[in-house]
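The values are calculated or read from the model by the stated rules, or taken from the named source; none is laboratory data. A quick note: this is a predicted structure, and the numbers were derived from the prediction, not measured. Cβ coordinates were reconstructed from backbone atoms using ideal geometry, including for glycine residues, and neighbour counts include every protein chain displayed. The protein model used for the area step is the full one, side chains on, heavy atoms only, and it has no ligands, DNA or RNA in it. Shrake-Rupley method; radii C 1.70, N 1.55, O 1.52, S 1.80 Å.
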Amino acid sequence: MDRNLREWAEISQAEQAADGAIWVFGYGSLMWRPGFRHQESAGAALPGYRRSFCIWSEHHRGAPGARGLVLGLAPEAGARCEGRAFRVDRADWPEIAAYLEERELRGYAYRPAWLPIALEDGREVGAHCFVADPEHPHFAGSLPAEAAAAVILRARGRSGLNRDYLVQTVEALEAHGYREPELHALMRRVRALTGEIEAGGGI
């Protein structure tokens, strides 16, 4: 068992909140496609972390030799990442944990973490999160916007186009009243590049 999966198993067995609630924090595709049963969904914020396209994808949004980029959480003093939190039934947790392990941890530069989040109604709870692992070979780090846009424009994986992942994430943020200037600027650049290539007959 690799280090990510061992950490996930340990966190999955950890004591949950006093009321028995189990929460999962989504900041990328989990916001608009969680893929698991949940009892409640709420806007939430994770302090001390920033969302960015810092993870190489060779599966869902890219392929070996033509990698895409997906979002990861990187620690940053004073940062605040807004997303969605999902409360799940304890009886469903073993199945959900296995699903999330397969979706988020196999082959990706994530590590599981148990972190405090603030729900939109003022509650503060602990939640399962997936943060970037800078030691993983699929960690891309902070790429210049132009380079990231070029990768996202071209990449495609089993779950579809990399640019669709960007667009759907931005749309999910907007639907919940969140704005993230860096992601909006990246989407504008991808759309501009798409127009340039289409005008030149290259796509």
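Mind pulling the angle between the C-alpha long axis of helix 3-12 and the longest principal axis of the chain? Nearest 10 degrees, somewhere in 0 to 90.
40
Once both axes come from the Cα atoms, what is the angle between helix 145-154 and the longest principal axis of the chain, in degrees from 0 to 90, rounded to 10?
90
Students often check this: by mean Cβ neighbours within 10 Å, which of 181-187, 85-91 ranks highest, and how do the rest follow?
Answer by packing, highest mean first, reads 85-91, 181-187.
If you take the beta carbon distance between R33 and D89 as r and set R0 to 22 Å, what does 1/(1 + (r/R0)^6) give as a FRET efficiency, to the nearest 0.05?
0.70
Below 8 Å, C-alpha to C-alpha, sequence gap of six or more: please give me the relative contact order for the chain in percent.
Values: 373 pairs, mean separation 52.8, N = 203.
Here the relative contact order equals 26 percent.
Given the options D164, D121, D92, which has the most mean-square fluctuation in a GNM of the chain, springs set between C-alpha atoms less than 10 angstrom apart?
Between D164, D121, D92, it is D121 that shows the largest mean-square fluctuation.
Rounded to the nearest 10 degrees, what's the angle between the helix 181-199 long axis and the longest principal axis of the chain, both from Cα atoms, 0 to 90?
With rounding to tens, the tilt is 30 degrees.
Could you state the accessible area per residue of segment 55-180 in Å², with a 1.4 Å probe and every protein chain left in place? Each step should come with its number before you reach the end.
On the way: 5940 Å² over 126 residues.
It amounts to 47 Å² per residue over segment 55-180.
Using a 1.4 Å probe on the protein chains only, how many percent of the accessible area of the chain belongs to carbon and sulfur?
Working: 4910 of 9780 Å².
Of the solvent-accessible surface of the chain, carbon and sulfur hold 50 percent.
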